[in-house]
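Participant: Before anything else, here's the structure in question.
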Amino acid sequence: MQVDLPDFALVVLIGASGSGKSTFAKTHFLPTEVLSSDYLRGVVCDDEGSLEATGDAFAALHYLAGIRLRRRKLTVIDATNVQEHARKPLLALAHQFHAVPVAIVLDVPEKTCHARNQGRPNRDFGPHVVQRHTKDLKRSLKFLKKEGFRYVFHLEGEEAIAATELTRVPLWTDKRSEHGPFDFIGDVHGCYDELSELIGKLGYDEFGAHPENRRLVFVGDLVDRGPKSVEVATWVMDAVAAGRALCVPGNHDDKLKRALEGKKVTINHGLEQSLEQINALPEAEREAFKAQFIKFVDSLVSHLWLEDGALCVAHAGIREDLIGRASRVVREFCLYGDPTGERDERGLPIRRDWAADYSGKTAVVYGHTPIEQAQWRGNTINLDTGCVFGGQLTALRWPERELIGVEAKATYAEHPAPPPSLAQGGSARNEPGWVPTGVGLNLADFTGRRIIETRLGGNITIAEGNAAAALEVISRFAVHPRWLAYLPPTMSPVETSKADGYLERPEEACAYFAKSGFDEIICQEKHMGSRAVVIVCRDEAVAQKRFGTESGETGVILTRTGRPFFDTQSQTEALLSELREALTETKLWEELETDWLILDSELLPWNAKAQGLLQKQYAPVGVAGAVSLSAARNLTEQATEREIAGCSALAQRLRERETQLAAYQEAYRRYCWPVSGLEGVKLAPFQLLAAEGRTLLEHDHLWHMQTLARLAAVSGRFIATEFRALSPSDPSQVKELSQWWDKKTEEGIEGIVVKTRESIPVRNLTTSLRVQPAVKVRGREYLRIIYGPEYTAMENLSRLRERGLSGKRSLALREFALGVEGLERFIRREPLRRVHECAFAVLALESEPVDPRL
């Protein structure tokens with residue numbers, strides 16, 4: 001017997017003890033797919049034959065079955081299941097998780113079952129048990145479908161069981177093997193002229209064929225309200241039949257089908273127009289259309305799960321837990337949304353806003369409820385822009401995520417509750433947009449141990465304690481999550497130098513990248529400021545549309561921990577205004593084809609943000625050291641004059657320590673200058689991270705440096721970062737770099753950052769990250785701030801040279817991968833939770849311990 005089994009099902013094996021259920025399960029299913037009541041008796045009490053443990057064994061079985069079904073895993077129940085009361089909780093599980101309930105009946109003669117039991121341990125019961133099982137089985141056979149099993153396969157006799165061939169088939173909603181490119185079209189509602197114009201605009205011919213083999217996907221509601229429902233339905237049915245289009249049913253399509261079948265329906269909401277148009281057809285044409293339309297709608301499935309699971313289309317939308325499943329509940333949700341059962345004052349059903357809580361990885365395309373403009377909301381988009389009500393007919397191009405629309409040629413119907421622009425007689429705008437809503441964040445998504453999938457770094461684990469530390473910081477001090485598309489990664493220092501008196505030098509950085517196989521590197525000046533991530537929008541309207549702002553912000557300037565850089569929004573807006581003007585003057589808005597940008601930069605001077613650190617840590621050390629060392633030196637010098645033994649050497653040592661302390665004080669003082677408001681503040685941008693529709697990481701660092709240097713040419717507020725491009729394996733170029741580094745660090749810069757020329761140092765975009773994107777080479781005097789005034793003493797330097805880099809480098813790679821992942825998710829307009837978790841994880845990783853000598 002050929003058994004076509006849905007690949008997501010709850011399979012209930014039914015048969016008397018000894019009928020061969022376990023053998024059948026072992027033959028046709030994976031061991032992990034089978035839940036055996038006998039095995040679970042052994043699990044709970046170490047005795048598979050203990051009838052006393054049956055209750056606990058079945059409690060475990062039902063619990064494990066629920067977990068597997070929730071995870072959309074085929075599950076097989078290996079138990080006798082010959083009585084209805086045993087099958088009832090299993091059917092309830094199938095219905096709860098929208099799995100297809102399947103019964104496979106193994107009908108074997110009593111004598112055969114009894115003989116098998118006699119040869120098995122723990123089966124010493126008499127033939128009356130098998131006789132009772134067989135009687136219950138025969139009694140159940142004709143009722144299995146009525147109980148709720150969608151498929152019943154009755155295998156009679158040993159030969160039929162042995163000859164069974166089982167084939168797994170995808171559920172009718174599971175079209176993950178179907179790949180684009182696709183063009184999704186919103187609710188047409190009989191607007192045939194607009195549909196013809198739109199498919200032409202999308203590049204299709206009159207039959208729906210596309211030169212680039214794109215396919216149309218209709219979100220349903222082809223009919224009602226509009227003037228040409230017959231023409232729309234006929235065109236779509238022909239395109240689907242020819243394999244040029246896909247379609248899901250809308251509630252209006254389903255209602256028209258039921259009306260044409262002669263079922264009792266209420267004739268309203270545009271159904272009367274469709275019936276009138278159909279009845280106006282010549283009789284033969286009318287009957288042919290009715291038969292074709294009924295068959296067509298019957299053939300449509302509730303939703304289509306496409307693109308390896310990355311994409312789903314359903315007329316009224318779909319919750320994440322319903323995708324790829326099949327049941328009456330799933331179909332009704334896809335047709336009508338999530339009604340509360342209540343109605344508003346106009347008699348319209350009140351629906352829950354399922355999209356507000358949607359946080360799935362699968363993008364959902366839907367329609368059903370007219371809106372003013374199509375825009376991404378989390379990872380969902382509603383394409384019903386009310387064409388029949390005088391709005392637009394909208395299409396979504398996938399994977400481009402580009403929206404294309406055509407204006408309605410007339411207002412064909414009046415909506416009982418129109419969006420504002422439709423109520424005013426205007427057309428629905430169709431600009432691409434995405435508003436990330438903070439209300440969609442759930443605390444449970446950011447607590448406990450987390451695992452985050454990244455393109456460059458694979459799965460990155462966040463420990464529970466680290467997540468708690470990040471939650472404390474981000475919830476108390478960070479900006480609104482809508483702005484946290486990116487936090488910068490930590491950076492590893494270069495390998496330890498063996499040069500006399502140095503801990504770090506650029507020669508080691510060149511050797512690292514040469515050994516890693518990179519032919520060109522960028523060495524840029526490391527400004528002694530504070531890291532600042534800048535998000536700037538062209539105007540307030542752009543900020544509201546793209547970032548969902550509500551209080552007039554046009555961007556943010558963030559510290560590396562996600563806090564606002566300035567104490568007041570007015571300071572932030574003043575600096576953003578100057579940046580906007582510079583971007584306008586350099587024509588970078590037009591050149592980059594964007595209305596917003598994310599930049600990585602340094603904000604100077606250091607004390608603009610680190611004033612507290614200077615006052616509470618560095619300056620007190622300097623003052624206390626100067627006072628104490630001076631007093632100690634004076635005493636030892638007096639003792640030396642009295643010729644007290646050993647004091648001369650001690651006085652010399654104290655003078656050396658005073659010199660080192662003075663160098664320490666000079667080191668932090670040179671990075672500070674007076675600031676008042678924005679007076680004295682400088683911004684040194686060094687990388688453009690993202691713009692509308694794309695990250696800018698496909699450009700190399702040379703492009704970034706040269707592009708951003710243009711800002712400094714038009715405004716003194718901005719600093720062009722000095723850099724060198726060279727081959728790390730060329731000794732003469734390495735020598736020149738070292739000389740430049742010596743000169744610049746002696747002049748007082750912090751040091752340099754050495755990077756691969758590529759922004760992402762991988763040879764293939766599908767390859768994971770293995771090489772440090774950048775390493776820092778800090779100047780000899782600057783390191784006094786980090787390690788203390790006397791770190792250059794040989795005894796101290798030798799201890800520092802034993803520092804371990806592996807932990808820091810692992811951290812830098814993971815944080816870099818998370819930063820890129822967050823930007824890419826933001827560009828793809830994924831749900832706010834998915835974008836925010838990357839920035840959250842970067843902050844969480846900062847609490848991981850690393851070698852304190854770094």
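The values are calculated or read from the model by the stated rules, or taken from the named source; none is laboratory data. Values in this document were obtained by computation on a predicted structure and should not be read as measured data. Every residue, glycine as well, gets a Cβ built from its backbone with ideal geometry; the counts of neighbours run over all protein chains shown. When the accessible area is computed, the model is the full protein with side chains, heavy atoms only, and any ligands, DNA or RNA have been set aside. Shrake-Rupley method; radii C 1.70, N 1.55, O 1.52, S 1.80 Å.
Participant: Kindly flag which residue pairs out of LYS175/LYS361; LYS73/LYS175; LYS361/LYS755; LYS146/LYS361 have an alpha-carbon separation exceeding 26 Å in this structure.
Facilitator: Numbers: LYS175/LYS361 16 Å; LYS73/LYS175 17 Å; LYS361/LYS755 33 Å; LYS146/LYS361 37 Å.
Too far apart for the 26 Å limit: LYS361/LYS755; LYS146/LYS361.
Participant: Place the peptides 56-67, 311-322, 833-844 in order of packing, highest mean first, counting for every residue the other Cβ atoms within 10 Å and averaging per peptide.
Facilitator: With the highest mean Cβ count within 10 Å placed first, the list reads 833-844, 311-322, 56-67.
Participant: Excluding same-chain residues fewer than 8 positions from LYS201, which lysines have a Cα within less than 17 Å of its Cα?
Facilitator: Within the straight-line limit of under 17 Å, LYS201 reaches these lysines: LYS409.
Participant: Which of rounded, prolate or oblate describes region 64-204 when judged by the alpha-carbon gyration tensor and an a/c cut-off of 1.5?
Facilitator: Verdict is prolate for region 64-204.
Participant: Take every DSSP beta bridge with both residues inside the chain and express the antiparallel ones as a percent of the total, to the nearest 5. Write down the numbers at each step before the final one.
Facilitator: Details: 62 of 105 bridges.
Around 60 percent antiparallel, to the nearest 5.
Participant: Still on this structure: If you stretched the chain out fully between LEU702 and GLU158, how much longer would it get, using 0.36 nm times the residue separation minus the C-alpha to C-alpha distance? Numbers along the way, then the final one.
Facilitator: Values: separation 544, 0.36 × 544 = 195.84 nm, distance 7.44 nm.
Here the answer is 188.4 nm.
Participant: Find, among the trypsin sites (Lys or Arg not before Pro) in region 61-135, those assigned to loop by DSSP (not H, G, I, E, B) with at most 13 other beta-carbon atoms within 10 angstrom. Don't jump to the answer; show the numbers that get you there.
Facilitator: Working: sites: ARG68, ARG70, ARG71, ARG72, LYS73, ARG87, LYS111, ARG116, ARG123, ARG132, LYS135; in loops: ARG71, ARG72, LYS73, ARG123.
The qualifying sites are ARG71.
Participant: Taking 0.36 nm per residue of separation and subtracting the Cα-Cα distance, what length does fully extending LYS587 through SER630 add?
Facilitator: Details: separation 43, 0.36 × 43 = 15.48 nm, distance 5.77 nm.
Length gained between LYS587 and SER630: 9.7 nm.
Participant: Same structure again: Taking 0.36 nm per residue of separation and subtracting the Cα-Cα distance, what length does fully extending THR447 through ASN268 add? Working shown, then result.
Facilitator: On the way: separation 179, 0.36 × 179 = 64.44 nm, distance 4.96 nm.
Stretched out fully, the THR447 to ASN268 stretch lengthens by 59.5 nm.
Participant: Right, another one. Cut-off under 18 Å on the C-alpha distance; same-chain residues fewer than 8 positions from LYS255 excluded. Which lysines are left, in chain and number order?
Facilitator: Of all the lysines, those that pass the test against LYS255 - Cα under 18 Å, at least 8 places apart if same chain - are LYS228, LYS263, LYS264, LYS290, LYS295.
Participant: Whole percent per 20 Å bin, from 0 to the bin with the longest distance: what is P(r) over all C-alpha pairs of the chain?
Facilitator: Percent of pairs per bin, in order: 12, 33, 29, 18, 6, 1, 0.
Participant: Ignoring ligands, DNA and RNA, how do LYS26, LYS142 rank by accessible area with a 1.4 Å probe, largest first?
Facilitator: Details: LYS26 175, LYS142 155 Å².
Ranked list, largest accessible area first: LYS26, LYS142.
Participant: What do you get for trypsin sites (Lys or Arg not before Pro) in region 553-594 restricted to DSSP loop and a cutoff of at most 13 other Cβ within 10 Å of the site's Cβ?
Facilitator: Of the trypsin sites (Lys or Arg not before Pro), the ones in loops of region 553-594 whose Cβ has at most 13 other Cβ atoms within 10 Å are LYS587.
Participant: With everything on Cα atoms, drop me the angle between helix 84-96 and the longest principal axis of the chain, reported from 0 to 90° to the nearest 10.
Facilitator: Tilt of helix 84-96: around 50 degrees.
Participant: What FRET efficiency comes out for PHE207 versus ALA410 if R0 is 22 angstrom and r is the Cβ-Cβ distance? Round to the nearest 0.05.
Facilitator: Details: r = 26 Å, r/R0 = 1.18.
It comes out at approximately 0.25.
Participant: Which of the lysines could a cross-linker span from LYS111 if the Cα-Cα distance has to be under 24 Å and same-chain partners fewer than 8 positions apart are dropped?
Facilitator: Result set, ordered by chain and number: LYS21, LYS26, LYS135, LYS138, LYS142.
Participant: Same structure again: Please state the relative contact order of the chain as a whole percent: Cα pairs under 8 Å, 6+ residues apart? If you can, show how the numbers build up before the last one.
Facilitator: On the way: 1643 pairs, mean separation 92.6, N = 854.
Relative contact order for the chain comes out at 11 percent.
Participant: I've got another one for you. In region 16-42, which residues have a backbone nitrogen under 16 Å from the label point lying 7 Å from GLN118's Cα in the Cα-to-Cβ direction?
Facilitator: In region 16-42, the label zone of GLN118 (backbone N under 16 Å from the point 7 Å along Cα→Cβ) covers 18-19.
Participant: Over the chain, with the other protein chains present, what is the accessible area per residue in square angstrom, probe 1.4 angstrom?
Facilitator: Working: 37210 Å² over 854 residues.
That works out to 44 Å² per residue.
Participant: Round to the nearest 0.05 the FRET efficiency obtained for ARG476 and ARG642 when R0 = 51 Å and r is the Cβ-Cβ distance.
Facilitator: Values: r = 59 Å, r/R0 = 1.16.
Plugging the Cβ-Cβ distance into 1/(1 + (r/R0)^6) gives 0.30.
Participant: A further question follows. Using a cut-off of 9 Å between beta-carbons, work out the net charge of the residues near GLU48 (Lys and Arg +1, Asp and Glu -1, GLU48 not included). List each step's numbers first, then the result.
Facilitator: On the way: positive: ARG41; negative: ASP38, ASP46, ASP47.
Once positives and negatives cancel, what remains is -2.
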